[in-house]
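No value in this document is a laboratory result; all are computed from the given coordinates. Nothing here was measured: the structure is a model prediction, and the numbers come from that model. Here the Cβ positions follow ideal geometry from the backbone for every residue, glycine too, while neighbour counts run over all protein chains shown.
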Amino acid sequence: MDTKLVILVLVGLIQQISGTSVICYHGTWSHYRLGNGKFSVSDVPAKLCTHYIYTFVGLDSDTNEVKSLDSWLDINLNGLNDANALKTVNPNLKTLLAVGGWNDGSAKYSVMAANATSRATFIASALKWVQKYNFDGFDIDWEYPARRDSSNPADKENFSKLIKEFYKTFHPLGLLVTAAVSAAPSYIDISYDVPALSKYLDFINVMLYDFHGAWENTASHNAPLYSAARFAGTVYADYSVNASIHGWISRGASPSKLALGVPFYGRNNILSNPDKTAPGSATTATGGVAGPYTATSGFLGYNEIIEKFNEGGWTTAWDDEQKVPYAFSGTTWLSYENKESLTLKVAYAKSLCLGAIMLWSIETEDFLGLSGTKYPLLEIIHNELNSNETADSSSSTKTASATTTTTSTTTTTPTTTTVSTTTTTTTTPTASSTSSSSSSTSSSTTSASEITKEDVCTAPGYFRSSANCRVFYYCQLSGIRYIVTKLICSAGLFYDTKLGICNYEKAVTC
């Protein structure tokens, strides 16, 4: 590795699994949907969420204050008050008010954040809304600093200033500050000062979805856990949950601050040839099927997916490379989440001791139980968070016939209840400060030379230590250099090279 600079980041794996939060975003406009799609604030299953985020209010570009985007729903129909009435159902629920979202744009946030006075006005206004309606915090969903209709590179620094000033105002009052952020590592460096966000945010809600969709000309999954070999050498090589999470960690994010976002919806494409249905098959890139409630081309809520499956005529299959399901019917190709993929994602979050599972969004869950169980996706998340099952490295997957609505897939994944703690002592090329554990019980310093003795980074990806099966490395190629993240499974666990997670010793060949 004489041409490559190896930079070690020791990640602090500190959070006990029992403390993992479940953050439920709610697109409140679902109140206006008809029939089986109507879902109001009062319908939220408060006991299944640790945090509830009401979306969205907006930014008034004339005053730099928070404004309602739907005063009829928010005020006249008591949406904001109903959000906090959920705490009568679950007294431990934390509620947050979210500003922004895709439709609110980026440019006006760029203008506001560039000036200390306008930032102060915005923060003071946000505080008034939070206190008036009894929220427990504020979520900033600026999509995205230095991107879209704002190309100002100073957005990155100004966003960090905004978050720091929110923290200084909100935290003395016991109020939370969170943010929804972009996933792809190639965009992280444009928009975010990661160490600063990790320091001042309570949660960094990583939107690990919309990696692919009907705007492309190939059938690719909305939210793959792992990258596909077909994307090697392309901009899509890091479009996966795994690459994104490690992109955040390697740049200085504390795992305990990261919320792994999962979509409660699927995306669909139109196949160019209905006989070619494997991932990567050609599609028309001219949109897709719209659901009866969400009414968006190429988008289906999980509740709409269940309705379509119940109609019959769908084949469901499993992409073992990316660990996600897909389905097809005629010329429609659909990527979505199921029990197996969600179980793997939650197990993945647990193996890295991430702080939360975040979902977008609660109103497209199967809340009527058309699949046989109400809130089946949330149930899967909670079952896996509380699971102590031993993992089985083998996985059997069946692909259904064209007239079948479901497949039978068995995938068992591990649960780690404790993980060893370390402290970061070095930085990555893009981070000026280190990730650290505020509750570390031990401290360790490992130099780059100690890693190169094993020459672990011969290619991007995960590599287990040849000397210690508890130790594994994540190698991320950045130009001609590798960023290396060293991770240590907790006592009693080995790194499972087949499943790509920490697993019980008896289930791993070491």
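Structure summary
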{"quantity": "Centroid-to-centroid separation of region 245-281 and region 128-194 [C-alpha atoms, Å]", "calculated": "23"}
{"quantity": "Above-threshold pairs, the threshold being 24 Å between Cα atoms, out of Lys47/Lys257; Lys47/Lys498; Lys161/Lys486; Lys94/Lys339", "calculated": "Lys47/Lys498; Lys161/Lys486; Lys94/Lys339"}
{"quantity": "In order through region 99-104: 3J(HN,Hα) via Karplus (6.51 cos²θ - 1.76 cosθ + 1.60), integer Hz, x for Gly, Pro", "calculated": "10, x, x, 4, 5, 7"}
{"quantity": "Environment charge of Ile188, counting only residues whose C-beta is closer than 12 Å and scoring Lys/Arg +1, Asp/Glu -1", "calculated": "0"}
{"quantity": "Dimensionless Rg ratio for region 287-332, taking C-alpha atoms and the 2.2 N^0.38 Å reference", "calculated": "1.20"}
{"quantity": "Normalised alpha carbon radius of gyration of region 26-168 [divisor 2.2 N^0.38 Å]", "calculated": "1.08"}
{"quantity": "Exposure proxy ranking, count of Cβ atoms within 10 Å, fewest first, for His31, His246, His171", "calculated": "His171, His31, His246"}
{"quantity": "Rg to Rh quotient for region 106-160, alpha carbon positions, Kirkwood Rh", "calculated": "1.03"}
{"quantity": "For Glu340, Glu311, order by how many other beta-carbon atoms lie within 10 Å, fewest first", "calculated": "Glu311, Glu340"}
{"quantity": "Inter-probe distance in nm under a simple model that places probes 7 Å from Cα toward Cβ, at Gln131 and Ala290", "calculated": "4.4"}
{"quantity": "Largest to smallest principal axis extent of the C-alpha atoms in region 263-302, angstrom", "calculated": "29, 19, 13"}
{"quantity": "Taking the C-alpha atoms of region 217-307, convex hull volume expressed per residue in Å³", "calculated": "125"}
{"quantity": "Cβ-Cβ FRET estimate between Ser465 and Lys161, R0 fixed at 41 Å, reported to 0.05", "calculated": "0.50"}
{"quantity": "Region 159-266: equivalent-ellipsoid semi-axes (sqrt of 5 x gyration tensor eigenvalues, Cα, Å)", "calculated": "29, 14, 11"}
{"quantity": "Net charge of Cβ neighbours under 9 Å - reference Val99; Lys, Arg +1; Asp, Glu -1", "calculated": "-3"}
{"quantity": "Vicinal HN-Hα couplings computed from phi for region 162-168 (Karplus, 6.51 cos²θ - 1.76 cosθ + 1.60; Hz; Gly/Pro x)", "calculated": "4, 5, 4, 6, 4, 4, 5"}
